[in-house]
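Q: Sending over a structure as structure tokens; questions will come in a sec.
The values are calculated or read from the model by the stated rules, or taken from the named source; none is laboratory data. Here the structure is a predicted model, which means the values were calculated and not measured. Because the Cβ atoms are built from the backbone with ideal geometry, glycine has one as well, and the counts that use them run over all protein chains shown.
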Amino acid sequence: MARAQGIKSFEAGVLHRLGNAYLLNGDLKEAKEILTYSIELCEENGFLDELSKSHKYLAQVFEKEGNIEQAYSHLVSFQILNDSLVNKSNRDRLTLLQGMFEENLQMSELELLKAQNEIQAYRLSASRLYNIFFALGFAVIAGLGVRLFFLYKSFRKSNQELLLQKKKIEEQNQVLEKQSGELLTINETKNKLFSILGHDLRGPVGQVKSVIDLMLGGQLERSEFDELLEALKKDVDSVNFTLNNTLQWSMAQMEGFKIHPSHFDLRTSVEHSLSLLDSYFKEKNLTVFNQMESRAEVYADPNLVEVVIRNILNNAAKFSNFGDAVTIYSETYPDWVQLCVLDQGVGMNQEQIDSLLKDSYTLTKSRLGTQKEKGSGLGLQLVKDFVRKNNGEVSIESNLGHGTKFCIRLPRSSSTFHHESVQSQKVVKV
């Protein structure tokens, strides 16, 4: 039927399978004939796959028959054909794979090119949109920037004007406060001066006038006058001391007030001041210990320094009890000479000391002395002002009820050579 139909390839496939079947059944003769015919048919028509299998089965037939030479020959033919078929199959597969790869590659390239075109188109579109948005954004930001710049300039200008106005107002307030303080101080000073002139001076002067009027009217005996003379002298001395302080203080408040420094010995100024206050010290039975160094030269205005020393000594006597001691001593340092007056009087508390030493100290009501002595309050102010005008310093140490140590420091005279301090003590018992 296969021959009739002319399908030789089918026939060849049937023949080598049929030969193999006879081989398996042990019919070697029939298998050899069929396989020999199959080889001829396949060689004529180029059916290499069927030819290869026919040589394989025929080699097995000859092997079973014991014909090794023929078996080997057909086996070699099988090997050659099989290798050729394998190579052809590999080449066909490779060609197929290569074709598929090239086709896939072309498709991938086409897809990639399509994607690249789409990306490029998207980028162009996005770039156009970005440029549009950027231009719009830049225009908006630039407009806002210009607006903010002018607003900032306007704000800064307004702020500077406000700061200038604030500064001017603060300066005016400071000036007004300063002027107000100065006016208040001047008013207090004026009131104090009027009090001094109207009370502290008028009282003693009025008493002197009354005594003189009584004497001129013949109403006062000589013996009575002698009794009043000591009291009158005390009043006159008090008036004189107050007038001197008032004059010195008034001159110091004047513009253009000048000091005239020179080299002089503090010991001389102390001794002169003690001589002026001798009667006051005797009246209170005070013992004075003058422990000034033999050489205590300073560079300052001698007249102002003597006013300072006299007021310190007067203050020490004023607040000393009857029969107390007052000690005066000096200490010399490389750049300074320190003069101290130490009393055993009523002393001061720390609040009073701070009030006396602070810069804003002005004329205040003076405390009464131990024998009800009155004062103007000018003395300590003069001490502080005059010492500072001479580049010096003032210090106070005191305990309430245990006396006061009042010290001033003045620049040492440049003409004084360094030497060992030699102290001499002079005790004055009055």
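Q: What is the one condition in (1) at pLDDT below 85; (2) within 49 Å of the chain's Cα centre (by Cα); (3) among the small types (Gly, Ala, Ser) that residue 392 does not satisfy?
A: Going through the list (1) at pLDDT below 85; (2) within 49 Å of the chain's Cα centre (by Cα); (3) among the small types (Gly, Ala, Ser), residue 392 breaks only (1).
Q: I've got another one for you. Only one of 400, 382, 378, 313 is aliphatic (A, V, I, L, M), assigned by TED's automatic domain parsing to the domain that holds residue 279 and surrounded by fewer than 16 Cβ atoms within 10 Å (Cβ to Cβ). Can you tell me which?
A: 400
Matching residues to (1) buried (at least 19 other Cβ atoms within 10 Å of the Cβ); (2) among the hydrophobic types (A, V, I, L, M, F, W, C); (3) at pLDDT 80 or above; (4) on the phi < 0 side of the Ramachandran plot:
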{"residue": "9", "(1), (2), (3), (4)": "no, no, no, yes"}
{"residue": "17", "(1), (2), (3), (4)": "no, no, yes, yes"}
{"residue": "36", "(1), (2), (3), (4)": "no, no, yes, yes"}
{"residue": "57", "(1), (2), (3), (4)": "yes, no, yes, yes"}
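Q: Still on this structure, please answer the following. Only one of 90, 104 is out of contact with any Leu (no Cβ under 8 Å at 6 or more places or on another chain) and either more than 22 Å from residue 49 (Cβ to Cβ) or modelled with pLDDT of 75 or more (or both). Can you tell me which?
A: Step by step, each of 90, 104 is checked, and only 104 is out of contact with any Leu (no Cβ under 8 Å at 6 or more places or on another chain) and either more than 22 Å from residue 49 (Cβ to Cβ) or modelled with pLDDT of 75 or more (or both).
Q: With 273, 250, 223, 238 as the choices, which residue is at pLDDT below 90 and assigned by TED's automatic domain parsing to the domain that holds residue 333?
A: That would be 273, the only listed residue that is at pLDDT below 90 and assigned by TED's automatic domain parsing to the domain that holds residue 333.
Q: In segment 68-77, what residues are exposed (fewer than 15 other Cβ atoms within 10 Å of the Cβ) and either not in a helix (DSSP H, G or I) or not hydroxyl-bearing (Ser, Thr, Tyr) (or both)?
A: The answer is 68, 69, 76.
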